[in-house]
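As structure tokens, the structure follows; a few thoughts come after it.
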Amino acid sequence: MSKNDPLSLLREFTISKKPITLVSSSGTLVTELVDASDVVFADDKQSARFPRNTPTNYRRGASDEFYTLETLLFLLQRAHQSVAEYSLEVAQKGLQMVSVLDRRLVLDYLTGVTATSGNIVKQQTDTSKRSLDDVQDGTQDDASKKQKTLSHAGHGDASEVLEIIRSKERLARTTASVLRGNKSFANIQKLGIGILLKSKSKDEKAPSKKPDPRQTGAAATPSTSSRPSSTPSSASQRPSSNPSSQAKPRSSSRIPIIIIPAAITSMLTMYNIKQFLEDQIYVDSQEIRNQGGAKPSRLVIERRQKANETHKTPYHVIDSADHLRPEDWDRVVCVFTTGAEWQFKKWKWQKPVELFAHVKGFYAKWADEQPKESIKSWNVEILSVSPNLHDSTKF
């Protein structure tokens, strides 16, 4: 396989942890794959640039389609996500999805766990074609084969030529063609969901455990000792009928919510947001992921409303609003944005102007970086972050 094809370069740069550059149609560097038009692989030894929708030679399952460069690169960027999270974000950004059956095979190949994959279609060179002809025809050389074919074509009709071609045909089998079969599994996900829903419905309709008749009879005919007593000792043994007198767990239904971007390329993610909001210290997300840190689905942070206060207010930090109920949106007090409007898709307020009229908005950028043009019309506060941030940003 050529070292200049996009699949080989993507695998090489991923294993070597070399940076892959995304360039927009105007020639500027961007961080989001959906904003880029080209993908650049450049280091000290080589430099190659491909349109992001360039097809690779990695076959999609047993079909005749091939994954594009942007599809494989986006899977690498979202390798930490679950299948459900990855599928939702692919749909939101309008990209092609790597199938569930291919996901682990693709990641293992691109990260170097496996050396090759059966779904990679190698381009056959002239040398390999000639070698195949030599095996088929034994000791015949090219000149004698060509003379024999021309002789048959000149003295026979088309059917004789076709018979000669058919006699030399060999059935090619690959791992993809062997597994292709004659059945379609396109609806397997739909069937699985149907089975789960049917099982859940049976559990909900299952009758509750019948009470013991002996206990029911005893409860219907209480003895003298079970009757209410006016003595303090018996009163202390009975549960109180006043709901307010019973101890209740602390409710989290009114804890404020902060929403941050889910994109792994964002400056602030679930890996480093706690240090940023509580200690005003910026830590690179990639460093935490390299140390093996797991991504939390929800964080609880505490902040003082004023510098001289001892009481700290808790906040919930999430990077997905999919599970928010309609009443939970009243608790959203702050939103961090990357400047991409698709971040607010399916939210209660989908337009940035309407969203930031209800909640406080923040846009984080590097101190030497210009903000995106899209946020200039949004009601958001710009946070200029320095890599050596200690106590320079307060909000």
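Nothing in this text is a laboratory measurement; each read-out follows from the coordinates by a stated rule. Keep in mind it's a predicted model, so treat the numbers as computed, not measured. Cβ: placed from backbone, ideal geometry, glycine included. Neighbour counts: every protein chain shown.
Descriptive notes on the structure:
- Placing unit charges on the Cβ atoms of the charged side chains and taking the dipole of the stretch 6-110 about its Cα centre, the candidate lying farthest along the positive direction among PHE74, THR54, LEU105 is LEU105.
- Under the Karplus curve 6.51 cos²θ - 1.76 cosθ + 1.60, θ = phi - 60°, whole-Hz ³J(HN,Hα) for the stretch 65-79, x wherever Gly or Pro sits: 8, 10, 5, 8, 4, 5, 5, 5, 5, 5, 5, 5, 5, 10, 5
- Rounded to the nearest 20 debye, the dipole magnitude of the stretch 257-385 is 260 debye, with +1 charges on Lys and Arg beta carbons, -1 on Asp and Glu beta carbons, and the Cα centre as origin.
- As computed over the stretch 257-385, the Cα convex hull volume per residue (Å³): 122 Å³
- The phi torsions of the stretch 318-332, fed into the Karplus equation with coefficients 6.51, -1.76 and 1.60 and a -60° offset, translate into couplings of 9, 10, 9, 9, 5, 9, 6, 7, x, 6, 6, 5, 5, 8, 6 Hz, rounded to whole numbers, with Gly and Pro shown as x.
- Efficiency of FRET from Cβ geometry, ILE165 and LYS351, R₀ 51 Å, rounded to 0.05: 0.20
- Value of Rg to Rh for the stretch 1-56, rounded to two decimals, is 0.95; Kirkwood radius and Rg both from alpha-carbon coordinates.
- Amide proton proximity set for ARG52, modelled H, under 5 Å, gap of 5+: ASP38, VAL39
- For the set LYS346/LYS376; LYS17/LYS312; LYS45/LYS372; LYS200/LYS274; LYS93/LYS295; LYS122/LYS295, the pairs lying more than 31 angstrom apart at their alpha carbons are LYS17/LYS312; LYS45/LYS372; LYS200/LYS274; LYS122/LYS295.
- Here's how it looks for LEU383: its modeled amide H is under 5 Å from those of TYR363, ALA364, LYS365, which are all 5 or more places away or on a different chain.
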